[in-house]
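Please treat every number below as a calculation from the coordinates, not as lab data. Predicted model only: the values in this text are computed from it and were never measured. When we count neighbours, we look across all protein chains shown, and the Cβ atoms used for this are built from the backbone with ideal geometry, even at glycine.
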């Protein structure tokens, strides 16, 4: 859910300021995780370029930050609070995966 919010809300928030930036952020938020992934992280295979676990973590954190920021820019405060809380829940629930990503050799 947080990825979808990031993919939709971030370019929406940037569009009035810079159309190329809005398009670029979509390419980055969707394209980078599709290309770079940590081997063995996802069932069914990963992206074409193997990346260390920290890269996967940073890409997810970038999406969470983008989703939170864009929700505060675009929507009423109560929706932004829900999105931000959801992003914080993701950070907590991802801890076991992140530990595995950082200790994998």
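Listing for the model above:
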quantity: Contact order normalised by residue count of the chain, Cα under 8 Å, 6+ apart, percent; calculated: 29 percent
quantity: Inter-probe distance in nm under a simple model that places probes 7 Å from Cα toward Cβ, at residue 89 and residue 102; calculated: 2.4 nm
quantity: Helical contribution to [θ] at 222 nm, DSSP H n ≥ 4, -39,500 (n - 2.57), averaged over the chain, rounded to 500; calculated: -21500 deg cm²/dmol
